[in-house]
Amino acid sequence: MSPIIEFDDVTKVFESPSGPVRAVDGISLSIEPGEVFGVIGYSGAGKSTLVRLINGLERATSGRLVVDGDDVTRLTEAQLELKRRRIGMIFQQFNLFRSRTVAGNVAFPLKVAGWPKADRDRRVAELLDFVGLLDRAHDHPEQLSGGQKQRVGIARALAAQPHILLADECTSALDPETTQDVLRLLRKVNTELGVTVVVITHELDVVRSIADRVAVLENGRVAELGTVFDVFTRPTADVTRRFVGTVLHDRPRPADLDRLRRTHDGCIVTAEVRDGSTLGAVLGSAGELGVAFEIVYGGIGTLQDRSFGSLTLALDGPDAAVDALVERLRAVTPVEVAS
Ligand SMILES: Nc1ncnc2c1ncn2[C@@H]1O[C@H](COP(=O)(O)OP(=O)(O)OP(=O)(O)O)[C@@H](O)[C@H]1O
Ligand SMILES: [Mg+2]
């Protein structure tokens with residue numbers, strides 16, 4: 001199967017008073033049909049520019065970008081306009097029409113596309129049923145909670161039966177519980193309707209709740225890309241480690257390490273924990289080597305139903321014995337020795 005979205009060395013440069021900004025800088029990546037693809041990055045990383053390139057709201061400065069069968073860098077404005085109608089998009093601030101009812105909001109793109117009223121009404125009812133808001137059809141957006149507003153946004157985005165749904169920080173205005181509700185609905189959009197979903201966020205929790213694969217963006221470039229599990233359990237880029245730290249708090253910061261060195265004798269080491277790692281068995285052999293250990297820091301969490309995290313240990317004993325234990329740990333998991 002060929003990718004539904006394919007970036008091939010795509011660059012977007014904005015001119016600004018302080019000089020050119022490379023918001024997207026030579027990105028190549030492929031998104032497969034039917035996947036939920038996460039894009040994570042801190043503010044200014046280029047996430048919104050990336051989605052706006054996909055639906056043609058921005059034009060690439062260079063490179064090739066194929067979206068659902070068309071190279072969007074070569075389409076005319078009129079062709080892009082039509083293309084955009086076939087790509088769903090939801091936003092952080094929902095972007096609903098305050099003057100229209102819930103049904104009116106969902107019907108709007110169908111009206112623009114010239115659907116007859118009877119067809120429109122049928123489709124709107126079907127969509128509101130899908131997002132669980134059929135009984136709110138005649139309400140106005142201000143009568144709804146944030147989560148319900150986003151459900152309307154999703155219904156509207158799906159109206160014209162898009163193959164792709166783009167979600168730019170779509171849960172950033174919601175509390176954690178409502179966030180999970182909306183993410184569950186996006187999962188349902190993906191599994192029941194087969195829509196490819198691209199989720200843009202600065203929150204690792206969002207990506208790990210919903211995405212199959214993830215690209216970590218920094219300064220307009222892909223710092224890391226892979227399955228959510230691989231990227232976040234074995235981060236190779238500093239930016240990825242920062243994201244992991246925000247949910248797990250498992251690794252001691254430099255100030256924590258200073259304190260641990262003051263309060264514990266011996267060597268401070270941090271060992272990764274993953275499903276199936278046999279850390280316990282190795283630590284069980286510490287006594288026979290003449291090493292005493294204490295667990296002084298750490299955190300273990302779950303990602304895609306598998307454990308990951310790290311434990312920091314103070315190892316106390318003769319140098320050669322401590323080295324031998326570190327070697328045994330290294331044989332089963334990555335280990336960092338604090339200098
Ligand atoms: N129209 C524009 N003109 C000039 N610079 C722009 C424009 N749009 C974006 N930029 C710059 O491009 C870079 C990437 O911006 P972008 O909005 O894509 O980041 P982001 O990852 O979505 O950030 P945030 O998390 O804050 O939404 C930033 O440095 C931004 O200032
Ligand atoms: Mg943005």
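The values are calculated or read from the model by the stated rules, or taken from the named source; none is laboratory data. Computed from a predicted model, the values in this text were never measured in an experiment. Cβ atoms come from the backbone with ideal geometry, glycine included; neighbour counts cover every protein chain shown. Remember, those area values only see protein heavy atoms, side chains included, never the ligands or the DNA or RNA. Shrake-Rupley method; radii C 1.70, N 1.55, O 1.52, S 1.80 Å.
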Before we move on, is Thr270 hydroxyl-bearing (Ser, Thr, Tyr), open to solvent by less than 20 Å² (accessible area, probe 1.4 Å) and closer than 30 Å to Leu225 by Cα?
yes
Conditions (1) open to solvent by 40 Å² or more (accessible area, probe 1.4 Å); (2) assigned to a loop (DSSP other than H, G, I, E, B); (3) within 12 Å of ligand 1 (Cβ to nearest atom); number of the one not met by Ala45
(1)
Which pairs turn up if I take residues in the stretch 214-238 that are hydroxyl-bearing (Ser, Thr, Tyr) and look for partners that are at pLDDT 95 or above and crowded, with 17+ Cβ neighbours inside 10 Å with beta carbon separation below 6 Å, at least 6 apart in sequence or on another chain?
Thr227/Arg213
In the stretch 170-184, what count of residues is obtained for those that are open to solvent by 10 Å² or more (accessible area, probe 1.4 Å) and either closer than 18 Å to Arg156 by Cα or part of a helix (DSSP H, G or I) (or both)?
7
Take the stretch 95-128 and flag every residue that is under 24 Å from Thr179 (Cβ atoms), over 27 Å from the mean Cα position of the chain (by Cα) and in a helix (DSSP H, G or I).
Val102, Asn105
Could you list all residues from the stretch 223-235 that are at pLDDT 95 or above and open to solvent by less than 50 Å² (accessible area, probe 1.4 Å)?
Ala223, Glu224, Gly226
Of the conditions (1) in a helix (DSSP H, G or I); (2) closer than 15 Å to Leu186 by Cα; (3) out of contact with any strand residue (DSSP E or B) (no Cβ under 7 Å at 6 or more places or on another chain), Gly132 fails just one. Which one is it?
(1)
Scan the stretch 45-62 and report the pairs whose first residue is assigned by TED's automatic domain parsing to the domain that holds Leu165 and over 13 Å from Ala167 (Cβ atoms) and whose second residue is within 14 Å of ligand 2 (Cβ to nearest atom) and among the aliphatic types (A, V, I, L, M), with Cβ atoms within less than 7 Å and a gap of 6+ or a chain change.
Ala45/Leu217; Gly46/Ala23; Gly46/Val24; Gly46/Leu217; Thr49/Ala23; Thr49/Val24; Leu53/Val24; Ala60/Leu53
